[in-house]
Amino acid sequence: MFVRIVKMHFQESHIETFLNNFNKVKEKIRNFEGNQFLELYQDKQNPCIFFTYSYWETEENLETYRNSVLFKKVWEETKILFSDKPEAWSVDKVISLP
């Protein structure tokens, strides 16, 4: 399992649109094969910055998602709302405390 972190910076006028869109697809993303966890965070200092954290069984699962019709539709609707280039990291969880 590994964690995918995506940082997105939105135009302030598009935050509500993004949240509405995310709420419509969050269950589909979470239930995509290989996805084990999905959360959305909003920065406390800058409300235009959001992060998604998703856990994936394998890198192949993430790549299958990234090549899916679902992802292409979500990304098409999301990227036009950005005010800056998104950043993404794939990381291995080293320590987790319950």
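Laboratory data are not the source of any read-out in this text; all were calculated from the coordinates shown. Everything numeric in this text was worked out from a predicted model, so none of it was measured. Don't worry about glycine lacking a Cβ; one is built from the backbone with ideal geometry, like all the others, and counts go over all protein chains shown.
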Run the numbers for VAL3 and LYS79: contour at 0.36 nm per residue of separation, minus the present Cα-Cα distance, in nm.
25.2 nm
Only sites in a loop by DSSP and with at most 15 other Cβ atoms within 10 Å count here; which trypsin sites (Lys or Arg not before Pro) in the stretch 12-98 make the cut?
LYS44, LYS93
Net charge over other residues, Cβ less than 14 angstrom from the Cβ of ILE49 (K, R count +1; D, E count -1):
-1
Compute the label zone of PHE37 within the stretch 1-29: residues whose backbone N is under 18 Å from the point 7 Å along Cα-to-Cβ.
1-7, 27, 29
Over what distance in Å are the Cα centres of the stretch 65-98 and the stretch 1-31 separated?
8
Quick shape check on the chain: root eigenvalues a ≥ b ≥ c of the Cα gyration tensor, a/c under 1.5 is rounded, otherwise prolate if a/b tops b/c, else oblate, and it reads oblate
In sequence order, what are the phi-derived ³J(HN,Hα) couplings for the stretch 73-85 according to the Karplus relation 6.51 cos²θ - 1.76 cosθ + 1.60 with θ = phi - 60°, rounded to whole Hz, with x for glycine and proline?
5, 4, 5, 4, 6, 8, 4, 6, 9, 6, 10, 8, 5
Over the chain, the sum of -39500 (n - 2.57) across DSSP H runs of at least four, divided by residue number and rounded to 500 deg cm²/dmol, gives at 222 nm -11000 deg cm²/dmol
Could you give the dipole magnitude of the chain about its Cα centre, charging the beta-carbon of Lys and Arg +1 and that of Asp and Glu -1, in debye to the nearest 20?
160
Hand me the GluC sites (Glu not before Pro) from the stretch 3-98 located in a DSSP loop with no more than 14 other Cβ atoms within 10 Å, in residue order please.
GLU33, GLU57
Which net charge results for the neighbourhood of PHE37, defined as the other residues with beta-carbon distances under 11 angstrom from its beta-carbon, given Lys and Arg at +1 and Asp and Glu at -1?
+1
Angle, helix 15-30 long axis vs. longest principal axis of the chain, Cα atoms, 0 to 90°, nearest 10?
20
Restricting to Cα pairs below 8 Å that are 6+ residues apart, what does the relative contact order work out to for the chain? Please round to a whole percent.
47
Take every Cα pair under 8 Å in the stretch 1-57 that's 6+ residues apart, average their separations, divide by the length, and report that relative contact order as a whole percent.
51
Grab the other residues whose beta carbon is less than 13 angstrom from that of HIS14, score K and R as +1, D and E as -1, and report the net.
-3
Restricted to pairs 8 or more residues apart or on different chains, the lysines in the chain with C-alpha atoms under 23 Å apart form a number of pairs equal to 25
Scaled radius of gyration (Cα, divided by 2.2 N^0.38 Å) that the stretch 20-59 gives:
1.31
